[in-house]
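Enquirer: Structure provided below as structure tokens; questions to follow.
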Amino acid sequence: MRIDKLLSNIGYGSRKEVKKILKNGNVTVNGTTVKDAKFHVDPIADSVFLFGEEVQYREFIYLLMNKPAGVISATEDNRDKTVIDLLNEEEAIFNPFPVGRLDKDTEGLLFLTNDGKLAHQLLSPKKNVPKTYFAVINSPVTEVDIEAFAKGVTLDDGYETKPGKLVILKSSQYSDIELTITEGKFHQVKRMFEAVGKKVIFLKRISMGPIKLDETLENGEYRELTEEEVQLLRDFVPSE
Ligand code: URA
């Protein structure tokens, strides 16, 4: 990889700015000053120093966010704030994008990464990655709903869902439930409840595949996934 590309990728400025830094003799590769922007380096094997400090190269970033209500799961939006707007420059320079979508009013676990391959695997319908949601429902939820969801319900457009696992945490005038589904149709949880005549009034994703929402993250906060967590995700959706 070209040295100017490497330095620019990891956030030391545009290619033009990086060229200037190089020209001024502020970069060494394996102990030798490199001024040529076209100079090729091996980001893993070569030791690159900038202003006397070692540069840690990395290609991918993996974030776990507790998405707040009111922001859009997209990289850009003309009207609303997006989850990318919540990132610090430190992470934003890697150009991560949300892995799938949560509705604007849905909270909870959202991965952001620039690893397109892993994101694709996690979202692939073939992989059946389970996603668990906590929801508050506007009416009593019963055994009849558990059975209906276990068989699959018919959505407003005629689509028959795959089975969902419904757990009732509290059933009264308002109910607290957890629902695990392996699909990601548009507004799926809300539409599954509509299919049984009920309304979701609060929705939060609490897990995806092997990873649970980190409860220490306040709404809108995020952290990097650990290497172990990234490995768990990879093992969960091995590529063919
Ligand atoms: N199901 C929904 O209805 N909304 C979400 O945001 C996620 C799943």
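Enquirer: So the check is Cβ under 7 Å with 6+ separation or different chains; which pairs have a first residue in the range 211-236 that's without any contact (Cβ under 8 Å) to a residue 60 or more places away in the chain and a second one that's open to solvent by less than 80 Å² (accessible area, probe 1.4 Å)?
Expert: Leu232/Pro210; Leu232/Ile211
Enquirer: Checking Asp214 against (1) of a type outside the set (Val, Ile, Thr); (2) in a loop (DSSP other than H, G, I, E, B); (3) away from the ligand (no atom under 13 Å from the Cβ); (4) open to solvent by 40 Å² or more (accessible area, probe 1.4 Å), which single condition isn't satisfied?
Expert: If we test Asp214 against (1) of a type outside the set (Val, Ile, Thr); (2) in a loop (DSSP other than H, G, I, E, B); (3) away from the ligand (no atom under 13 Å from the Cβ); (4) open to solvent by 40 Å² or more (accessible area, probe 1.4 Å), just (4) comes out false.
Enquirer: Taking the residues in the range 160-205 that are in contact with a Gly (Cβ under 6 Å, 6 or more places away or on another chain) and β-branched (Val, Ile, Thr) as candidates, determine which candidate is nearest to the ligand (Cβ to nearest atom).
Expert: Across the range 160-205, the extreme among qualifying residues is Ile181.
Enquirer: Only strands (runs of 3 or more DSSP E) wholly contained in the range 23-99 count here; list those with 3 or more residues that are within 30 Å of the chain's Cα centre (by Cα) and within 20 Å of Leu122 (Cβ to Cβ).
Expert: 62-67
Enquirer: Within the range 22-29, is there a residue that is more than 16 Å from the ligand (Cβ to nearest atom) and in contact (Cβ under 8 Å) with a residue 60 or more places away in the chain?
Expert: No, every residue in the range 22-29 fails to be more than 16 Å from the ligand (Cβ to nearest atom) and in contact (Cβ under 8 Å) with a residue 60 or more places away in the chain.
Enquirer: I've got another one for you. Would you confirm whether any residue within the range 124-135 is more than 12 Å from the ligand (Cβ to nearest atom), farther than 21 Å from Arg205 by Cβ and touching a helix residue (DSSP H, G or I) at 6+ places or on another chain (Cβ under 7 Å)?
Expert: no
Enquirer: Output the number of residues of the range 62-101 satisfying the condition of being closer than 26 Å to Asn128 by Cβ and touching a strand residue (DSSP E or B) at 6+ places or on another chain (Cβ under 7 Å).
Expert: Residues in the range 62-101 being closer than 26 Å to Asn128 by Cβ and touching a strand residue (DSSP E or B) at 6+ places or on another chain (Cβ under 7 Å): 13 in total.
Enquirer: Going through the range 102-121 one residue at a time, which ones are without any contact (Cβ under 8 Å) to a residue 60 or more places away in the chain and either within 16 Å of the ligand (Cβ to nearest atom) or under 15 Å from Tyr133 (Cβ atoms) (or both)?
Expert: Selection gives Lys104 alone.
Enquirer: Mind checking which pairs have a first residue in the range 183-210 that is without any contact (Cβ under 8 Å) to a residue 40 or more places away in the chain and a second that is acidic (Asp, Glu) and open to solvent by 40 Å² or more (accessible area, probe 1.4 Å), Cβ under 7 Å, 6 or more apart or different chains?
Expert: From residues that are without any contact (Cβ under 8 Å) to a residue 40 or more places away in the chain, the pairs are Arg191/Asp156; Glu194/Asp156.
The values are calculated or read from the model by the stated rules, or taken from the named source; none is laboratory data. The structure presented is a predicted model; accordingly, all values stated were derived computationally and were not measured. Glycine also receives a Cβ, built like all others from the backbone with ideal geometry; neighbour counts cover every protein chain displayed. Remember, those area values only see protein heavy atoms, side chains included, never the ligands or the DNA or RNA. Shrake-Rupley method; radii C 1.70, N 1.55, O 1.52, S 1.80 Å.
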